[in-house]
Structures are given as structure tokens and as C-alpha cells.
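Working notes, structure below.
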């Protein structure tokens, strides 16, 4: 159904939006916190390394080296002193000593040629006689380099401290933070979904209640237990449903009162009408004996009583439909025989076209009589004198009875032929006809029989009514029977059966 | 045709015009305005036919019909105003032979009355005896006996039995029976036949639930068995 589809889409949308917002917020927070934390940790680790290294360099340059090499520093004395090995063993520091001859002494082969790669700013500081430091990389390793001279004019010492521990630590910290953030996002996502579902649950319940109301279950309500905005909303929804239900109940009651009134009126009319019809039937026989003026009045009276009778009959029938008091009693019916008798009784001038084989279907013969009788009456009243053709045709799963006239019907009714089936519909208001209920009644009967009644413009002019009756069982074969047709030889054939 | 007719109808206007029409057609008419009075009149007058309104004050028309049927085979025609078609079946089962729906035209009613009276007036050629299973049917005397015991049948029931028993094995459609016995043209109500056959079976069949004397031919009609 389109409604639930749209509702479902909207609910998913809200859930997704809530999830996206929550995840974005958590990710942003985790990102900022993570970046800040790793920056702070990185800086503090570097500060400590630098301070330690500086203290060490200060001591080495100021105390250790002058003490170890009091006679001055050259390549030979340096190598002999084993100072560089001492430094490495003591604190894992590699050393470059710039003797100023372009061939520095190094404590490790890794450092060969490293001097040239050091930042020039650092060498400038050293040249000024100060102790300097620089974060750089040597032989692909992240390092802290401290540099200075033991005395003015002495060779420059570059102490290379390994800083890759710091990089590793910070990298590990970042990974931990990232994993933590992802876990946090997962938890946040699950929480967001749960919260969204909780929020949407009343909306889903309300959608279901609204759908049930739309389907006619007017007593559907939302259970409003919470005291939040949804509770208020649910109370309002229920109040609306109450009002709707009450209004519809009221309308139904009024409609049912109206229907009962129509039924009562028709019923009350029936007793005096029975008198009128009987009296008129007696009067009609005696019309010839009356003086001319009284005779004309008598004729009109007889005709009006007939009209009144058909109106009351039809009203009774309509009110029975409205009360759903109709029962269908089916039996096998020979449609051809039925139609022949109907045409003979109601419109003997009509042309009847029947199949060669008898058409027997399981249906309610009294209702078939009413339908076809009303169609014939309609043709007689609204297409007076025009040719009328009645025919039967077998269709898959159904049998159709067609009543086609060549009267002015389709022109008078205009394009909206369906209107003919409305109660009190008159195709031609100027023409006094039946009750205006006959076609509406015929259609109700057709639907009770599980069939349908349609109208179309007759290609040859006039109206073409098609009654479609379902064939439920198999059509019966003929048995050796005494049928009505045999006995009709006694009188003249009342219909003009067209040979095929 | 100097038949005597009892008309039981509560509406004075209808009662008067129907009585007028019936008298004009040559019948002798007695009238009653309610059920108890109708029964009293019936016992006093011994009419040849009863016209019975279904909705009567005092005693329902259906009850009156049942009461009359206790000891009489007189033809009863119901005048029914009710729209509910079920009432017609109930009325027929109560013992009515035929019904006329209100409102009706007098010629229509008189035709029904004549048809009902004609039933049970055997023609001169009908003085013969038929047998159907254990039943002995004396068409002339209009009696049915089983093993010497007479079975009381209404005239309608008797005519249905004779019609079927005359040609055993022959299937009769309900339309044919309606035409021959009730003198209806094709548009008669086939329930008249069904209810009459049902009542007939209740009287003549050893076991009405599984009939052997009058068989239903599904979708066609009835035939005599035996």
C-alpha cells in the first residue's frame, strides 16, 4: 500500500538522520580529543628527552671532555680516549666530532656523511659557541641532535639521541585512540538507533492506528502511556478519533433512521394502496358505462394508481436492499424459457434471439425475472414503439443477457450512462415513466446474483443493457422431461423467435 | 360457479372491495376481520375456499391456516403484504395452497380463486384407479389409501400426486406442474411446487427424509418412483 510505504520510508529517514548526527558528533569529538592528546604527549616526551639530553651535553662538554682530554682534542687523542664508546654505552648516544678538516670522527658507520645533512642553523649556533639542538632525521631515523664545543676553538661535538621511541609511542597512542574512537562510534550508533526506535515506536503505533481507522475500524486508538510530547500527541490523536467515530456513528444512525423511515412509509402505504389497486381494477372494467368526463377521470385514476403501485413496490424493494434483508435462493434455471415468458408478459413486441441449445444456469429465477422485467419495462417506457432485441450469449464463466433498444435513450441520457443506475434517475425528465428506481433495483439484484449489469450506447442508436450472470456449476444436459415448450403448442407462439 | 368463499382481512376498505369483486364474479362471500372470527366463520360457514390475510390482529393468518388444516382440505389462498419472500414459504408450509401478493388487481385474484376451485373437480374421464408403490389412488373418489388406511390430502397435494402417478418415470418440470395444477403461466413461483411436494411426502412417504415415491430430479423437477 502506498501509505505504509511512505510511512516506512519516513521512519527509516529519521533513524538514519539521528544516526548520522550522533556518529558525526562522536567522531568529531574523538578526533579533536585524540589529536590534542597525541600532540600533548608528543610534546611532553620531546621536552623530557631534550632536557635530559641538554643536561647530558652540558656535563659532557663542560666537565667530561676537558677532563678526559686536557691536552687538546685531535683525531688520535679522541680515538685513544674511547670517549665516544663511553657515550654510546652510557646513554646510547652516537657522537659526531667535527674536527674542522671535513673528515669528522663518528661513533658509528651510520653517521658517516651525516654531518653535512644537519640543519645549517644548528651549525651556526655551534659556531657562535653556544649549545644548540635540532629535531631531524639521520640515516632514516628520527633523532634529537645536541651540539656544542668544549671550549672556544675546540672541535664541535654533535650528540645524536635516538627519538624514534617517541614516534613509536605517539603512533601507538594514535592507534589506541583511533580504535577507541571507532568503538565509541559503534556504541553511539547502537545507542542512537535504540533511542530513535524508542522515539519512533509511538509514531509507528500511531501509523498503524491511523491505517486501521482508514480501513473502517473506527475504534482503533493509540495507547498513550508516556507523559512526554508523544503522550500529549497521542491524547490529541485519540480525541480526534473519538470525534470522528462519534460523527460517523451519528451519520450512520441518521442514515439508518432515514432508511427505516422509507421502509415504514412504503409499508404503511401498502394497505391503502392494496385497496386502491383493487378498486381501480374494478373501476376499469366499468369505465365504459360512465359519462365521458367521469370516464376520463376514471382512466386517469386507474393510470395513476398503477404508477403509485409501481413506485411503492419499488420503494419496498429498495428498502429491503438497504436493510440487507435479501436472501438468494438459487436453482437451475432455463434462461431461454424464462426470457420467453418474460418477453411474452412484459413486451411481446420485442425480438428474442436464443441459442439452439438450452442455457441452464444455477441462479435465483425470481431475481432474473425482476432484472429482465425492469429492463423490458425501461425499454417500453423510454423507447416507446422502438424495436427491442433480447438475446442470450455464452461467455467464459458467464452467460450474458442483452436487452438492446433503438430508442432515444443514449441521446437523452448524454454521455454519463452510469447515471441511469442512480435512484430516481430520469433520463428524460419530461417523460413520465416508472418509479425511477427500476434500473437501480435491477443492478442490485444482478450484484446479489454475483453478476453485473452494464449499459452502453447501442451502436445502432438507443441503449444496450448487458446482464452478466456467473456460471458456477456445469451447464446441465437435457433430460427426457416434460417442458413448458411442448405445452405451448396449444397457443400461438407469443414471441418472434429468430431462427439462427 | 356458485362457490362460497370466506374472506379474512382486517382492513375494512380492502375487505369491502374484494368482497364486491368476488360477488360480482358470481361467488358467495362471507367476511371476517380477525383471526378468531375467521376461524369461527370457517366452522360455521364451511366455505369452499378461504382467502386469508397473513397479518391479522388476534390470531396470525399463519396460525389460522394451520388451525383450518387440522381437519380440512379446503383450498387456502394467502394474501401477503410482506416483502420478505421467506414469509411466503412459511405460509405455504402452514398449509396454504397458493398466495397473492398485495397489492393485487381483482381479476388476478379471481383467476387464482378459480384455479384453486378447479383443482379437485375431476373431469368425467378421471374415474380410474392408480397405484404408486403401496398407495392406491382412486381418482374419481379423490381418495388415497395405504394398506387400506386412508391418507387425507389437500386437493393440491392430491392433484400433484395424480399428475405424477399417471406417468410414472416421466420427469415433470416444476413449470409444467405450476401450469397444470395451479394454472400459472411460466412466471409462477416454483416454491409452490416444492412446498406442496414436501407436504405430500410428509404424508405418503414411509421415510420423508429419503423419499422413494416422489423423487427429486436435481435441476429438472420431480417424478413418481415405485
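Bear in mind that the values in this text are calculations on the coordinates, not laboratory data. This is a predicted model, so every value here is computed, not measured. Backbone-built Cβ (ideal geometry, glycine too); neighbour counts: all protein chains shown.
Details
- In percent, rounded to a whole number, the relative contact order of the stretch A:101-174 is 20, using alpha-carbon pairs under 8 Å and six or more apart.
- Rounded to 0.05, the FRET efficiency of the residue A:50 and residue A:21 pair, given R0 = 35 Å and the Cβ-Cβ distance, is 0.20.
- Backbone N atoms of the stretch A:338-364 closer than 16 Å to the 7 Å Cα→Cβ label point of residue A:331 belong to residues A:338-339, A:360-364.
- Label-to-label distance, residue A:197 versus residue A:249, with points set 7 angstrom from Cα along the beta-carbon direction: 3.8 nm.
- Sorting A:421, B:158 from the fewest to the most surrounding beta carbons within 10 angstrom yields A:421, B:158.
- Calculated FRET value between residue A:79 and residue A:174, using beta carbons and R₀ = 45 Å, to 0.05: 0.55
- For a paramagnetic label modelled on residue B:129 (point 7 Å from Cα along Cα→Cβ), amide N atoms under 11 Å away belong, within the stretch B:135-171, to B:136-139.
- Peptide-level mean, for A:332-345, of C-beta atoms on other protein chains within 10 Å: 2
- Theoretical FRET efficiency, 1/(1+(r/R0)^6), r = Cβ-Cβ of residue B:63 and residue A:472, R0 41 Å, to 0.05: 0.60
- When only Cα pairs below 8 angstrom with a gap of at least 6 residues are kept, the stretch B:124-224 shows a relative contact order of 25 percent.
- Spatially, the stretch A:271-286 and the stretch A:148-206 are offset by 107 Å when compared through their Cα centroids.
- With a cut-off of 16 Å on the backbone N, the residues of the stretch A:145-185 near the modelled label site 7 Å out from residue A:35 along Cα-Cβ are A:174-175, A:177-178, A:181.
- Distance (nanometres) between label positions extended 7 Å along Cα→Cβ at residue B:185 and residue A:296: 3.3
- In the frame of its principal axes, the protein assembly as shown has Cα extents of 175, 68, 59 Å, reported largest first.
- Computed with the Debye formula from one identical point scatterer per Cα of the stretch B:1-110, without solvent, the log10 of I(q)/I(0) at q = 0.13, 0.17, 0.18, 0.20 Å⁻¹ comes to -0.40, -0.71, -0.81, -1.02.
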